[in-house]
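The values are calculated or read from the model by the stated rules, or taken from the named source; none is laboratory data. Keep in mind the model is a prediction, meaning the values are calculated, not measured. Positions of Cβ are generated from backbone atoms using ideal geometry, with glycine treated the same way; all protein chains shown enter the neighbour counts. Ligands, DNA and RNA are excluded from the accessible area calculation, which covers all protein heavy atoms including side chains. Shrake-Rupley method; radii C 1.70, N 1.55, O 1.52, S 1.80 Å.
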Amino acid sequence: MLCPLCGCEFDETDHSCLSECPMAAIQGCNLICCPNCGYQMVDESKSGAAKLLRRLLHPPGDPGKKEPTP
Amino acid sequence: MTRFPIIPSLEGDVHVILVGNPNVGKSALFGALTGRYVEISNFPGTTVELSTGHTDGMPLVDTPGIQSLHARSDDERVTRDILLERGGSLVLQVADARNLRRSLLLTMQLAELDRPLLLDVNMVDEARERGIQVDVVHLEQLLGAQVVPTVAVTGEGIETLRSRFQTARPVRHRVRYDAAIEEAVARLAPLLEGRDGDERAIALMILAGDAELAARCGGAHRAEIEALVARTAERYPRPLHFVLTGQRLRAVDELVAAVVRHPETRQAHAGETLGRLALHPVWGVAVLIAVLALFYLFVGRLGAGVCVNWMEKVFFGRGVNPLATWLAGFIPVPLVRDLLVGEYGLITMALTYGIAIVLPIVLTFFIAFGLLEDSGYLPRLAVMMDRPFKALGLNGKAVLPMVLGLGCDTMATMTTRILETRKDRLMVTLLLALGVPCSAQLGVIMGMTAYLPPAAIVVWGAVVTGVMFAVGWAASRVIPGERSDFILELPPIRRPQLVNIVIKTVARLEWYLKEVLPLFALGTLLLFVLDRTGALHLLERWAAPLVEGGLGLPRATTASFIVGFLRRDYGAAGLFALARAGALSVPQVLVSLVVITLFVPCVANVLVIAREHGTKVAFWVVGFVFPFAFAVGVLLHFGLLVFGVHF
Ligand SMILES: Nc1nc2c(ncn2[C@@H]2O[C@H](COP(=O)(O)OP(=O)(O)OP(=O)(O)O)[C@@H](O)[C@H]2O)c(=O)[nH]1
Ligand SMILES: [Zn+2]
Ligand SMILES: [Zn+2]
């Protein structure tokens, strides 16, 4: 994925604590750390609350994204 | 020439290969160029679908969208293979006019293939709508290759694009990497077998970690190539593909600055000035102090003051606790009742501390920290910190884990892997364990400073940083390490987005509730058992010479230090509660805060140290840090007494 802060590209699976944090045995840190600048991003696959909130803020049928006109 | 899997429908000499980032309009352009006759097939051995067709009698293939040629997904591998296979072909890159930075990053990689390249800047209609202007003529001059603006969905620019197929030439503008990388490329390229002209690109892909390519093109030299890659990688703190991307981005940013006009250039300008100020040796310190002061007002005054007051007095004081006590009255077994609502009760202590005291503080802290993070300030703080660290003789790379430590110490301890020598790694691990709190803990510790006058806060800050430096200095004498330069790609200063901050704050709170609260409950349970068995009383008596005599603290703080072994923020919360109850004077708050700040962050951190460096090291770190924290506290206590400081 691309870090939204510094634009550095990295593999998110290496940088979440799921496998690493011993305290994260249950579900893991729900954040991903950019290895370049330390910026933390939410890993929505591990944070139910964040996923729910994102859905509330951007419903799937959101007209904000313009449909293409062929 | 080394052959790659071929697609039957692609036979023929010259091809047009359509390449681009995801969602830039490749398929739309493909449609506009080919008309109706499209063939869809699977790339051999994968599920990746490819559309092929013809334009002006030339075969045209649409590749999957990719971020870079660094092949990690099937999509990226397929695109890489097609590009390497179709040696004589024309590369038609579709770029997104709305986000040229991302597109040009790929252009810089494609340029290394040394093939004729045509850059299609697509979606100019949407870019125009947003006020983004791309100076195509200037970009053409800078790149030394042809650039055509298009709107694939309306057909605008398509004819011009078609007319350039015959005259396309390789991009002249190339990224110059640093000396170590260029040297590695120069050595690697001659080892590759059967390539014609794209050795540089392949060498760079192999350096970026493409082992598959190394195996395929390395032939007899494979072992030599692998050794060369490993040797080059050792020179950088981060994996090579970050280093390469970073250096490419620098080249791209120069291009973007020259050819893209954004509507918000003025804002970007203000951000730039702020970014420079934050790095200035003198002004940078002023910015840091201003940031800390704002933090203090928000977290200390609002979070730890107003919000905690309300939660404790109204929500818990009049709501939860009386209700729980009343309900507990129905429980016939006194032991169970005390376990819930007694002095060390799960509700009266764990929940009250966790929800009434720590939650409002970490909430305000998470918001403030998120704002700071999204503004791009933290990497600049790392660069600022690099200077004093260098003066210590500490490896500049050490700064990175320290900044990451602000997010999560456990995470940071793992990133110490990037440091070269075992000694460097141990030193940073020690400093992390000693002083750098993770964000939730930093919040609680900052919240406690609300009980201190400004002068005492300065003393606290000075003692903690002084101790860190002293330990760092002493450790660097014991451990000689060579100095290496630390270059961090700095992101621009920008305005944080509200939605982002809200979502991140929610995710962090969720983590806090799920992972920290259970540990608080465990700590309370421990105290409850100690209390019941009389062990707590005994411990308090044993610890009295240290806690009362040495630190000058009331006996009741012993319990806070005990749970502080589990997580230092829980210990801080206990001290916080005592301070609120008026049981601690200003010097006592100061001394106890210094001690708890220097504690090992949490049990998790110790476990990670044990796993990364072995049980013996973990044992040593713990064995050093706790006595050391108390020793500093004792010195501070007597220092305050001797100099008669009252605040
Ligand atoms: N306004 C506008 N929309 C465009 C233009 N080109 C493509 N689109 C739209 O952008 C969206 C993405 O286009 P695609 O052609 O699917 O992009 P792609 O690069 O093939 O995407 P992937 O193959 O999935 O990576 C579609 O909805 C297109 O209709 C353009 O020039 N202007
Ligand atoms: Zn980043
Ligand atoms: Zn973690």
Next on the checklist: Tell me the residue from B:Ala215, B:Ala203 that is open to solvent by 30 Å² or more (accessible area, probe 1.4 Å) and in contact with a helix residue (DSSP H, G or I) (Cβ under 7 Å, 6 or more places away or on another chain), please.
Outcome noted: B:Ala215
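Run down B:Glu343, B:Glu272 and say which single residue is over 26 Å from B:Pro453 (Cα atoms) and over 36 Å from the mean Cα position of the chain (by Cα). Outline the logic, then answer.
Working: B:Glu272 fails: over 36 Å from the mean Cα position of the chain (by Cα).
After ruling out the rest, the residue left standing is B:Glu343.
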Checklist entry - If you scan the range B:601-622, which residues turn out to be away from chain A (no Cβ under 14 Å), of a type outside the set (Phe, Trp, Tyr) and either open to solvent by 50 Å² or more (accessible area, probe 1.4 Å) or within 22 Å of the chain's Cα centre (by Cα) (or both)? => result B:Lys616
Item to check | Which numbered condition B:Gly209 fails, given (1) of a type in the set (Gly, Ala, Ser); (2) in contact with a His (Cβ under 8 Å, 6 or more places away or on another chain); (3) open to solvent by less than 20 Å² (accessible area, probe 1.4 Å) | outcome: (3)
Next on the checklist: On the basis of being open to solvent by less than 20 Å² (accessible area, probe 1.4 Å) and without any contact (Cβ under 8 Å) to a residue 24 or more places away in the chain, does B:Val185 make the cut?
Outcome noted: yes
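Evaluate the range B:475-482: report whether one residue or more is modelled with pLDDT of 80 or more, of a type in the set (A, V, I, L, M, F, W, C) and surrounded by fewer than 17 Cβ atoms within 10 Å (Cβ to Cβ). Talk me through it step by step, then tell me what you get.
Step one: list which residues in the range B:475-482 are modelled with pLDDT of 80 or more, which gives none.
No.
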Checklist entry - Which of the residues spanning the range B:188-220 are free of Cβ contacts under 8 Å to residues at least 40 places away in the same chain and within 18 Å of B:Phe242 (Cβ to Cβ)? => result B:Ala203, B:Ile206, B:Leu207, B:Ala211
Checklist entry - Exactly one of (1) more than 29 Å from B:Pro492 (Cβ to Cβ); (2) out of contact with any Pro (no Cβ under 7 Å at 6 or more places or on another chain); (3) within 14 Å of chain A (Cβ to nearest Cβ) is unmet by B:Val153. Its number? => result (2)
Checklist entry - Which residues, taken from the range B:319-351, are touching a residue at least 12 places away in the same chain (Cβ under 8 Å) and small (Gly, Ala, Ser)? => result B:Ala324, B:Ala328, B:Gly342, B:Gly345, B:Ala350
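Given the criterion in contact with a helix residue (DSSP H, G or I) (Cβ under 8 Å, 6 or more places away or on another chain) and either open to solvent by less than 70 Å² (accessible area, probe 1.4 Å) or β-branched (Val, Ile, Thr) (or both), identify the matching residue among B:Thr273, B:Thr325.
Going through B:Thr273, B:Thr325 in turn, just one is in contact with a helix residue (DSSP H, G or I) (Cβ under 8 Å, 6 or more places away or on another chain) and either open to solvent by less than 70 Å² (accessible area, probe 1.4 Å) or β-branched (Val, Ile, Thr) (or both): B:Thr325.
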Item to check | Residues of the range B:521-538 that turn out to be assigned to a helix (DSSP H, G or I) and β-branched (Val, Ile, Thr), as a count | outcome: 2
Item to check | Given (1) open to solvent by less than 30 Å² (accessible area, probe 1.4 Å); (2) away from every other protein chain (no Cβ under 14 Å); (3) modelled with pLDDT under 70, number of the condition B:Met411 does not satisfy | outcome: (2)
Checklist entry - Among B:Val617, B:Val625, B:Val645, B:Val594, which is the only one that is of a type in the set (Val, Ile, Thr) and in a loop (DSSP other than H, G, I, E, B)? => result B:Val645
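I need the full set of residues from the range B:8-37 which are at pLDDT below 65 and of a type outside the set (Lys, Arg), in order please. Even if it seems obvious, please write down each step before you answer.
Narrowing the range B:8-37 to residues at pLDDT below 65: B:8-14, B:36-37.
B:Pro8, B:Ser9, B:Leu10, B:Glu11, B:Gly12, B:Asp13, B:Val14, B:Tyr37, listed by residue number.
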